[in-house]
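Inspection log for the structure reproduced underneath, given as structure tokens.
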Amino acid sequence: MANETQSIVIANTTVATTGDAEAMARELIGQSIAACVQIDGPITSHYRWAGEVQQSTEFRLTIKTSMATWPKLKERLARIHPYDEPEILMTVVDDASDGYRQWVIDQTT
């Protein structure tokens with residue numbers, strides 16, 4: 001298991017269109033904020049918003065970055081995200097192959 005300075009994280013968010021997902025992925029990779037962004041979808045999300053039960057089609061971005069870069073990623077996602085209140089979740093990776101972990105860190109620091 002890596003120490004905190006060598007840790008990687010996975011962030012997740014969702015958007016309404018593939019165009020938004022692809023534009024966000026290009027920006028995050030281009031700015032070296034993310035090492036990899038995977039886009040899944042369409043998915044169906046069910047949730048309560050503004051007092052109403054909602055259902056919508058979305059695309060999920062799974063974003064790999066370093067722990068050191070996480071604050072910058074979180075801030076950038078909040079700024080470029082098209083939603084008023086975006087889902088921005090982060091999960092610490094407890095363990096990963098040494099080579100992949102180092103690749104993520106090298107791409108994002």
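The values are calculated or read from the model by the stated rules, or taken from the named source; none is laboratory data. The structure displayed is predicted, hence computed values, not measured ones. Note that we place each Cβ from the backbone using ideal geometry, even for glycine, and neighbour counts take in every protein chain shown.
Descriptive notes on the structure:
- Boolean, Asp106 is assigned to a helix (DSSP H, G or I), farther than 13 Å from Met24 by Cα, charged (D, E, K, R) and more than 17 Å from the chain's Cα centre (by Cα): yes
- Assessment of the range 20-30 against the conditions (among the acidic types (Asp, Glu), exposed (fewer than 13 other Cβ atoms within 10 Å of the Cβ) and either in a strand (DSSP E or B) or without any contact (Cβ under 8 Å) to a residue 60 or more places away in the chain (or both)) yields no matching residue.
- Only one of Glu75, Glu85 that is of a type in the set (D, E, K, R) and surrounded by 10 or more Cβ atoms within 10 Å (Cβ to Cβ): Glu75
- Condition met for Glu58 (in a strand (DSSP E or B), over 11 Å from the mean Cα position of the chain (by Cα) and not small (Gly, Ala, Ser)): yes
- Selected residue (only one of Thr69, Thr13, Thr17 is surrounded by 14 or more Cβ atoms within 10 Å (Cβ to Cβ), in contact with a strand residue (DSSP E or B) (Cβ under 6 Å, 6 or more places away or on another chain) and modelled with pLDDT of 95 or more): Thr13
- Among the residues of the range 32-55, those identified as surrounded by 13 or more Cβ atoms within 10 Å (Cβ to Cβ) and out of contact with any strand residue (DSSP E or B) (no Cβ under 6 Å at 6 or more places or on another chain) are Ser32, Ile33.
- Taking each residue of the range 75-92 that is more than 16 Å from Phe59 (Cα to Cα) and without any contact (Cβ under 8 Å) to a residue 60 or more places away in the chain and looking for partners that are of a type outside the set (A, V, I, L, M, F, W, C) and in a loop (DSSP other than H, G, I, E, B) with beta-carbon atoms closer than 8 Å, six or more apart or interchain, yields Arg76/Gln31; Ala78/Pro86.
- Residue count for the range 1-55, restricted to those that are hydrophobic (A, V, I, L, M, F, W, C), more than 18 Å from the chain's Cα centre (by Cα) and closer than 23 Å to Gly99 by Cβ: 2
- Candidates are the residues of the range 61-103 that are of a type in the set (Ser, Thr, Tyr) and over 13 Å from the mean Cα position of the chain (by Cα); the one that is nearest to Ala34 (Cα to Cα) is Tyr100.
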